[in-house]
Amino acid sequence: MDRQWYREEDRNDVLIVGAGPTGLVLACDLARRGVRALVVERSPELFPGSRGKGVQPRTLEVFDDLGVVGEVLRWGGRAPMGMTWQDGTRAGEYRMFEDVEPTEGAPYTGPWLLPQWRTQRILLDRLRELGGDVAFGVELTGLTQNAEFVTATLIPAGGGSPVAVRAGYAVAADGGRSTVRRLLGIKMTGERVDPAPMLVADVVIPTLDRDNWHIFPPAAGGTGFAVLCPLPHTREFQFVAQPASAGGGITAEDVRALVTEFTHIPARGVAEVLWASDFTVNAALADRFRDGRVFLAGDAAHIHSPAGGQGLNTSVQDAYNLGWKLGAVLRDGAPEALLDTYEEERLPNAAAMLGLSTRIHRGEERRGAATRQLGLDQRDSSLTREIRDGLAEDALRAGDRAPDGRRDGLRLFDLYRGPHFTLLAVDTPLPERLPPLPGLRTARTGPYEAYGRGLYLVRPDGYIAWAGPGGEALEASAEDLLAWASRIAWPAQTG
């Protein structure tokens, strides 16, 4: 551990505990805002397995904003056609996911397959480009807080003296067995989704084709199943089997035995077992996502069945929601009350995705539009204000995700990309008086059916915070927007 980062008198803006996708997305978002974040990870290196391999379209949009979508698309791939097997013979194709074509407003489709280890490498590389890094082999053992800062006790994994570190805020991104959550005494409420333990492993099987997602359902009168999914741009398959013996420490021989039990592939056909983990399938939600100056995000706040492909994606959305709010408070003069909206917005969305994952696991719902997370909204948030009347039922409203599109030589996602608010005028002039939001970008476009005529204030995380009419009502809209900014977001700058 580099001791110069851990002088007791140092004060970091944010301490992030955990360098999984949640912690790395948050660290990248904070770094581009000039927020000093210290990221500590108990393990000596990044997570080595494929576990969360399905990247949903909304997460691809986040990655676009963070500047990594090119690498994600380069190293990932579409889900291949499923192929069911019976008694060692191909029994027929099975479509794992709905075919969805990209549209002007939603250019990314999915899920996009990318093993979790690759996702984390891409994010770490981006964090380092932005001037940040991760302190590996550092374990958090204690956490206290007062009205001004948190104090964390950190210990090098290899042994050594404890070090006290101060930060303005702390974020628990340390997984389902979160040490931070335990230290805070925050309970999780949930259920056992499936009594049978499950195994997931990364294996190399040279004799199996990589053109299909191979599915091995139970034999007649039997129980259990297995799947082998080729991981793009690797030699590996992700192997999932249920039931598996849990709790004893999975060995390569155990994995080979399960491959033999559930498929036609003999043990010797598994050339390598690169990583393996067993677990029970639970669904649980933290009772709260905030305790004073400490926030829970990712698996520390919610645990999903892997069936819905929502765990990693919901975790990324947590980090993306929290990042701009911490940046606004720490760098832009926003009131600390803005941070209350993190739990207000994320807890209901996490609960909805948790329920979706459980229903998919139990066969009560198919993977469809909801799993893509493009329909998640913030309409009920206290940050959201819609002042237009008479909107059609399917009209874009304040609180909705802002669609992409190209108008007048401008791509909207390019306009929105970055740590700023954007005021978009569609088929109407921009108001003369603008809300004094730091770094505000403005643009005017011609008619665009996906939006409709009006003014749209787009948050840094791509949701519409405020929407109002243009045209003859432009002046009244501008006054309402100024009042919204003064009352809700940045009274320190506008009052």
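The values are calculated or read from the model by the stated rules, or taken from the named source; none is laboratory data. If you're wondering where the values come from, they're calculated on a predicted model, not measured in any experiment. As a convention, Cβ positions derive from the backbone with ideal geometry for all residues, glycine included, and neighbour counts pool all protein chains shown. All accessible areas refer to the heavy atoms of the entire protein, side chains included, with ligands and DNA or RNA removed. Shrake-Rupley method; radii C 1.70, N 1.55, O 1.52, S 1.80 Å.
With the structure loaded, tell me whether Ala370 is over 17 Å from Gly462 (Cβ atoms), without any contact (Cβ under 8 Å) to a residue 12 or more places away in the chain, hydrophobic (A, V, I, L, M, F, W, C) and in a helix (DSSP H, G or I) or whether it fails that test.
No: the conditions fail for Ala370.
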(message) Being aliphatic (A, V, I, L, M), assigned to a strand (DSSP E or B) and more than 15 Å from the chain's Cα centre (by Cα) is true for just one of Ala283, Ala307, Ala337. Which residue is that?
(response) Ala283
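Only one residue in Trp117, Trp85 is buried (at least 16 other Cβ atoms within 10 Å of the Cβ) and assigned to a strand (DSSP E or B), so which one is that?
Trp85
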(request) Taking only segment 191-217 into account, find how many residues are open to solvent by less than 30 Å² (accessible area, probe 1.4 Å) and not in a strand (DSSP E or B). (result) 2
(message) Condition first: touching a helix residue (DSSP H, G or I) at 6+ places or on another chain (Cβ under 9 Å), under 18 Å from Val193 (Cβ atoms) and of a type in the set (A, V, I, L, M). Now tell me which residues in segment 350-404 satisfy that.
(response) Ala350, Ala352, Met353, Leu354, Leu356, Ile360, Ala370
(message) Restricting to segment 243-265, give me the number of residues that are crowded, with 19+ Cβ neighbours inside 10 Å, over 15 Å from Arg51 (Cβ atoms) and touching a residue at least 24 places away in the same chain (Cβ under 8 Å).
(response) 5
(request) Only strands (runs of 3 or more DSSP E) wholly contained in segment 400-484 count here; list those with 1 or more residues that are open to solvent by 40 Å² or more (accessible area, probe 1.4 Å) and at pLDDT 95 or above. (result) 441-445
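Taking the options Gly105, Gly34, Gly49, name whichever one is closer than 26 Å to Ala300 by Cβ, open to solvent by less than 30 Å² (accessible area, probe 1.4 Å) and assigned to a loop (DSSP other than H, G, I, E, B).
On the way: Gly105 fails: closer than 26 Å to Ala300 by Cβ; Gly34 fails: open to solvent by less than 30 Å² (accessible area, probe 1.4 Å).
Result: Gly49 is the single residue among Gly105, Gly34, Gly49 that is closer than 26 Å to Ala300 by Cβ, open to solvent by less than 30 Å² (accessible area, probe 1.4 Å) and assigned to a loop (DSSP other than H, G, I, E, B).
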(message) Being aromatic (Phe, Trp, Tyr) and either farther than 12 Å from Gln116 by Cα or at pLDDT below 95 (or both) is the filter here; which residues of segment 15-51 pass it?
(response) none
(message) Condition first: surrounded by 17 or more Cβ atoms within 10 Å (Cβ to Cβ), outside any strand (DSSP E or B) and either in contact with a strand residue (DSSP E or B) (Cβ under 6 Å, 6 or more places away or on another chain) or at pLDDT below 95 (or both). Now tell me which residues in segment 232-242 satisfy that.
(response) Pro232, Glu236
(request) For residues that are among the aromatic types (Phe, Trp, Tyr) and outside any loop (DSSP other than H, G, I, E, B), scanning just segment 128-174, find the one that is most open to solvent (accessible area, probe 1.4 Å). (result) Phe136
(message) From the list Leu383, Leu296, Leu356, Leu376, exactly one residue is surrounded by fewer than 22 Cβ atoms within 10 Å (Cβ to Cβ) and under 30 Å from Arg182 (Cβ atoms). Which is it?
(response) Leu376
(request) Can you run down the residue pairs with Cβ atoms below 9 Å, 6 or more apart or on separate chains, where the first is in segment 338-353 and β-branched (Val, Ile, Thr) and the partner is outside any helix (DSSP H, G or I)? (result) Thr341/Gln378; Thr341/Ser381; Thr341/Ser382; Thr341/Leu383
